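Below you'll find the structure, written out as structure tokens, and then a few comments.
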Amino acid sequence: NAGVTQTPKFQVLKTGQSMTLQCAQDMNHNSMYWYRQDPGMGLRLIYYSASEGTTDKGEVPNGYNVSRLNKREFSLRLESAAPSQTSVYFCASSWGPGELFFGEGSRLTVL
Amino acid sequence: GQQVMQIPQYQHVQEGEDFTTYCNSSTTLSNIQWYKQRPGGHPVFLIQLVKSGEVKKQKRLTFQFGEAKKNSSLHITATQTTDVGTYFCGSFGNEKLTFGTGTRLTIIP
């Protein structure tokens, strides 16, 4: 089983460019999440989706948008990238309030 | 989510020594989860605790949930080089999981 798949694994952007991080899970999970990880800051929740058709803000949503395209897919969009968005992004999914399954991460650098 | 503070931020131990990381909250937690992230990897679920005073063991790892459900700990006995990584606690609230800042464990051979 693939589990949670994120693309791309690496990306370099210039300030002001836009991009979308893709995430798909094949475990039929209802809930999906986007986190960012910065040194010393742990994992901070950007947006989450408790079920298909719903999305909610997490701790650090500014500068991001999300789309829960269907039950499998949850994408994260940066409309105008800033150097402060340089980070490692993780997508995760779960059956409600249980174990989270993480993707391998997407390393984004904004110059 | 439910806010959790995690200490220490870093821990260096000699191989064979014990290691403990703590999570604390000012409010009662509905549950606590623990994850391990190897260097360069992604977080991997270790365990979930939901009951007051709960203690669970996985080989050399012992997990505890406080009686008041405001704190939790992860204790590793006789650390090995394979234990290297960052250990995160997290708690579910309002349909989302909020993580502590993690404890990065380094093993000195």
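The values are calculated or read from the model by the stated rules, or taken from the named source; none is laboratory data. Keep in mind it's a predicted model, so treat the numbers as computed, not measured. Cβ placement follows ideal geometry from the backbone for every residue including glycine, while neighbour counts extend to all protein chains displayed. Only protein heavy atoms, including side chains, enter the accessible area calculation; ligands, DNA and RNA are left aside. Shrake-Rupley method; radii C 1.70, N 1.55, O 1.52, S 1.80 Å.
When each of B:50, B:4 is tested for being surrounded by fewer than 16 Cβ atoms within 10 Å (Cβ to Cβ), hydrophobic (A, V, I, L, M, F, W, C) and on the phi < 0 side of the Ramachandran plot, the lone residue that passes is B:50. Selection over region B:53-70 of residues that are open to solvent by 70 Å² or more (accessible area, probe 1.4 Å) and over 25 Å from residue B:14 (Cβ atoms) gives a count of 4. All told, residue B:82 meets the bar of being polar (S, T, N, Q) and more than 13 Å from the chain's Cα centre (by Cα).
Evaluate region B:87-107: report whether one residue or more is more than 28 Å from residue A:91 (Cα to Cα) and open to solvent by 60 Å² or more (accessible area, probe 1.4 Å). Within region B:87-107, not a single residue is more than 28 Å from residue A:91 (Cα to Cα) and open to solvent by 60 Å² or more (accessible area, probe 1.4 Å). Considering region A:93-111, and only residues there that are polar (S, T, N, Q) and more than 19 Å from residue A:28 (Cα to Cα), the residue that is farthest from the other protein chains (Cβ to nearest Cβ) turns out to be A:109. Taking into account only those residues within region A:57-92 that are in contact (Cβ under 8 Å) with a residue 12 or more places away in the chain and basic (Lys, Arg), which is nearest to the other protein chains (Cβ to nearest Cβ)? Taking the candidates together, the pick is A:68.
For region B:80-109, the set of residues classified as assigned to a loop (DSSP other than H, G, I, E, B), within 9 Å of chain A (Cβ to nearest Cβ) and touching a residue at least 24 places away in the same chain (Cβ under 8 Å) consists of B:94, B:100, B:101, B:102, listed by residue number. Selection of region B:51-70 for residues being farther than 20 Å from residue B:102 by Cα and in a loop (DSSP other than H, G, I, E, B) yields B:51, B:52, B:53, B:54, B:59, B:67, B:68.
Those strands (runs of 3 or more DSSP E) of region A:12-111 in which at least 1 residues are open to solvent by 30 Å² or more (accessible area, probe 1.4 Å), considering only elements entirely within it, cover A:19-25, A:31-38, A:42-49, A:64-68, A:74-78, A:106-110.
Quick grid of which residues meet (1) more than 25 Å from residue A:103 (Cβ to Cβ); (2) among the hydrophobic types (A, V, I, L, M, F, W, C); (3) within 14 Å of chain A (Cβ to nearest Cβ); (4) open to solvent by less than 30 Å² (accessible area, probe 1.4 Å):
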{"position": "B:11", "(1), (2), (3), (4)": "yes, no, no, no"}
{"position": "B:15", "(1), (2), (3), (4)": "yes, no, no, no"}
{"position": "B:29", "(1), (2), (3), (4)": "yes, yes, yes, yes"}
{"position": "B:78", "(1), (2), (3), (4)": "yes, yes, no, no"}
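Results for (1) under 11 Å from the mean Cα position of the chain (by Cα); (2) of a type in the set (Phe, Trp, Tyr); (3) closer than 19 Å to residue B:90 by Cβ, shown as yes or no for each residue.
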site: A:20; (1), (2), (3): yes, no, no
site: A:34; (1), (2), (3): yes, yes, yes
site: A:54; (1), (2), (3): no, no, no
site: A:65; (1), (2), (3): yes, no, no
site: A:79; (1), (2), (3): no, no, no
site: A:83; (1), (2), (3): no, no, no
site: A:94; (1), (2), (3): no, no, yes
site: A:102; (1), (2), (3): yes, yes, yes
site: A:108; (1), (2), (3): no, no, no
